[in-house]
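What follows is a single structure, written as structure tokens, with notes after it.
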Ligand code: AGP
């Protein structure tokens with residue numbers, strides 16, 4: 001997720017570009033840049049680091065001009081650096097673009113353009129767009145942009161500028177947000193409303209496939225075929241803070257709601273065109289390499305550790321390789337049995353958690369091969385590991401990790417499938433069947449998010465209890481652990497997760513009348529056993545909220561309430577059952593008036609041991 005801005009008008013472009021980018025830093029902040037046309041040339045200033053570093057670089061020498069674009073980056077392709085920062089220009093400097101999203105076919109386009117003699121400055125997918133428009137330019141800016149859009153695949157919001165057309169910007173979007181702010185003698189373009197509400201509240205909210213030619217006193221919007229479209233003006237009545245959260249009250253809820261897109265983005269480019277296999281361009285493993293390992297270690301902290309537990313289940317079930325999982329703060333002090341036959345997988349949203357980084361270094365010291373799953377390109381853990389797989393969840397601002405968890409799960413599921421394909425531990429038919437189910441997950445997460453009312457009701461009714469228990473077996477237990485952590489960290493309720501079969505070994509002593517128990521019962525292989533554990537707690541007059549798959553008519557006979565999630569393979573159902581638990585934690589925190597995005601005593605990234 002990146003932030004993009006554009007300005008065309010009677011005023012100076014640079015002040016708006018910098019001001020607008022400062023309002024979009026929650027969308028990405030590893031590097032930033034602006035490009036302003038001064039009547040002769042396009043001056044491009046860019047810098048790695050936050051926007052403050054760019055401002056410092058520009059200093060008092062503010063670029064002059066009334067046409068400009070800007071960008072604040074959340075890296076996906078190409079680590080954070082000056083040269084990978086946007087805006088990106090073509091060979092001649094005549095065309096400059098900023099982009100938010102992922103150009104999936106950029107490698108093949110880049111090869112084609114290099115063949116044609118184009119010279120690239122960066123490792124980014126975006127720079128391909130600048131050279132593409134240079135390549136297809138036919139004198140007509142709009143028709144040239146349309147030709148570019150016919151060649152690129154993926155998700156994008158794009159703003160084009162050219163010194164050949166100094167009085168206009170062209171912008172378009174596909175699967176990523178883009179708005180146009182309507183001013184007096186000036187117009188504004190931005191990824192998101194926060195960037196423009198300081199200037200205007202009259203906007204056009206762009207739709208996929210629309211292309212806008214924006215001049216200082218006119219805006220023409222067409223579809224991909226060139227048909228002119230009429231747009232309704234949308235008047236923004238949010239305040240600036242609410243706008244940053246996309247209209248949601250908290251980043252946590254915004255990020256919970258972003259999960260369908262975050263999971264979809266993380267899956268992009270990783271499934272073969274015919275849907276029969278998994279692509280992991282970053283790995284290039286073969287059977288001999290994988291056979292060289294006798295164990296995989298997954299090490300992480302907190303939510304990432306809980307994702308690691310699910311990852312263990314996936315890899316053992318699908319690839320039949322032994323997996324051990326450990327919390328990073330314990331791992332390195334137990335003299336772990338690690339050698340060159342060990343593959344160490346570290347999971348970390350921030351890529352900066354010191355316990356996890358230390359564990360990674362310890363594993364390397366003992367000869368292990370290392371692989372990182374992280375959400376931050378160029379983070380310390382990404383740089384330390386031998387190989388990296390990125391979740392493309394976009395910045396996660398809330399302390400409570402939500403979209404990072406589901407993207408970690410989907411990435412580890414695909415990794416396990418990738419290994420199974422190489423080791424031939426699953427038939428092609430089974431792999432294809434799981435990939436078909438995998439493709440439905442973003443939509444099914446969306447379905448699960450569509451009705452939050454029942455969960456709000458439960459949160460209001462039970463949110464003042466001081467103890468809540470989560471129980472489940474197998475993968476349901478792994479998700480129960482994550483659900484309990486979510487509730488604990490944002491609502492300060494003492495929530496505990498237990499393997500359902502463990503209750504009779506002690507915990508049952510705590511189950512008394514009225515105690516809320518969240519019981520996950522989606523794993524068919526252990527369903528009857530889970531049901532008997534639910535009966536145990538019901539016999540002690542607990543209040544039980546069951547989590548089940550659609551079509552389960554049995555569970556409701558034994559519990560007080562049931563929340564269902566769409567049917568899918570029981571391997572994939574954790575991606576769905578975690579969603580009501582995230583929402584329960586969120587609304588529980590609201591009920592108790594807690595500081596949802598910044599819970600007491602906690603930090604987003606724990607960079608101390
Ligand atoms: C999860 O909601 C917490 N914020 C915390 O447990 C977090 O998952 C943990 O600190 C690990 O962070 P990382 O994924 O950035 O390494």
Checklist entry - What angle do you read, to the nearest 10 degrees and between 0 and 90, between the alpha-carbon axis of helix 106-115 and the longest principal axis of the chain? => result 40 degrees
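Under the 0.36 nm per residue contour assumption, what length would be gained going from the current alpha-carbon distance of residue 532 and residue 502 to full extension? Provide the component values of the computation, followed by the final result.
Working: separation 30, 0.36 × 30 = 10.80 nm, distance 1.22 nm.
Length difference between fully extended and current span is 9.6 nm.
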Next on the checklist: Under the rule a/c < 1.5 gives rounded, and otherwise a/b versus b/c splits prolate from oblate, where does region 544-609 land using the Cα gyration tensor?
Outcome noted: oblate
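Specify whether the C-alpha gyration tensor of region 40-193 places it in the rounded, prolate or oblate class, a ≥ b ≥ c being the square roots of the eigenvalues: rounded for a/c under 1.5, otherwise prolate if a/b is larger than b/c and oblate if not.
Details: a/c = 1.37, a/b = 1.17, b/c = 1.17.
It is rounded, given that a/c, with a ≥ b ≥ c, falls under 1.5.
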Next on the checklist: I need to check one value: relative contact order of region 1-141, counting alpha carbon pairs closer than 8 Å and at least 6 residues apart, in percent.
Outcome noted: 25 percent
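Once you have the Cα-Cα distance between residue 560 and residue 291, take 0.36 nm times their residue separation minus that, and quote the gain in nm to one decimal. Working shown, then result.
Details: separation 269, 0.36 × 269 = 96.84 nm, distance 4.88 nm.
Contour length minus Cα-Cα distance gives 92.0 nm.
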Checklist entry - Separation of region 579-601 and region 185-252 by C-alpha centroid, Å? => result 31 Å
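Listing 95, 251 from the residue with the fewest other Cβ atoms within 10 Å to the one with the most, what is the order? Spell out each step's value before the answer.
Working: 95 29, 251 23.
Ordered by Cβ neighbours within 10 Å, fewest first: 251, 95.
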Next on the checklist: Contact order normalised by length for region 107-229, with contacts defined as Cα pairs under 8 Å and 6 or more residues apart; what percent is it?
Outcome noted: 17 percent
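Pull out the extension gain between residue 335 and residue 550, defined as 0.36 nm times the separation in residues minus the alpha carbon to alpha carbon distance; nm, one decimal. The partial results should precede the final answer.
On the way: separation 215, 0.36 × 215 = 77.40 nm, distance 4.52 nm.
So the extension gain works out to 72.9 nm.
Sorted by packing (mean other beta-carbon atoms within 10 Å per residue), highest first, where do 506-516, 137-147 land? Write down the numbers at each step before the final one.
On the way: 506-516: 14.0, 137-147: 16.2.
Descending mean neighbour count gives 137-147, 506-516.
I need the peptides 255-262, 205-212, 56-63, 69-76 ranked by packing, meaning the mean over residues of other C-beta atoms within 10 angstrom, with the highest value on top.
69-76, 255-262, 205-212, 56-63
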Item to check | Folded to 0 to 90 degrees: helix 453-462 orientation relative to the chain principal axis, Cα | outcome: 50 degrees
Checklist entry - For the chain, what is the relative contact order in percent, using Cα pairs closer than 8 Å and at least 6 residues apart in sequence? => result 11 percent
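Highest mean first, what order results for 357-365, 445-453 on Cβ atoms within 10 Å? Numbers along the way, then the final one.
Values: 357-365: 20.0, 445-453: 15.9.
Per-residue mean Cβ counts within 10 Å order the peptides as 357-365, 445-453.
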Checklist outcome for this item: Quick calc: nm separation of the 7 Å Cα→Cβ label points for residue 276 and residue 242 -> 5.3 nm
Item to check | Equivalent ellipsoid semi-axes - Cα gyration tensor, the chain, angstrom | outcome: 44, 28, 22
Checklist outcome for this item: Heads up, region 248-376 by the C-alpha gyration tensor (a ≥ b ≥ c square roots of eigenvalues; a/c under 1.5 rounded, else a/b over b/c prolate, else oblate) looks oblate
Item to check | Euclidean distance between Cα centres, region 381-400 to region 544-574, Å | outcome: 32 Å
Item to check | Backbone N under 13 Å from the residue 387 label point (7 Å along Cα→Cβ), restricted to region 335-356 | outcome: 343-346
Checklist entry - Cα centroid distance between region 90-150 and region 291-312, in Å? => result 40 Å
Next on the checklist: Run the simple label-point estimate for residue 433 and residue 524 please: 7 Å along Cα→C-beta, distance reported in nm.
Outcome noted: 0.9 nm
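Bear in mind these aren't lab numbers, they're just calculated from the coordinates by the rules spelled out. Small disclaimer: the values here were computed from a predicted structure and weren't measured. Every residue, glycine as well, gets a Cβ built from its backbone with ideal geometry; the counts of neighbours run over all protein chains shown.
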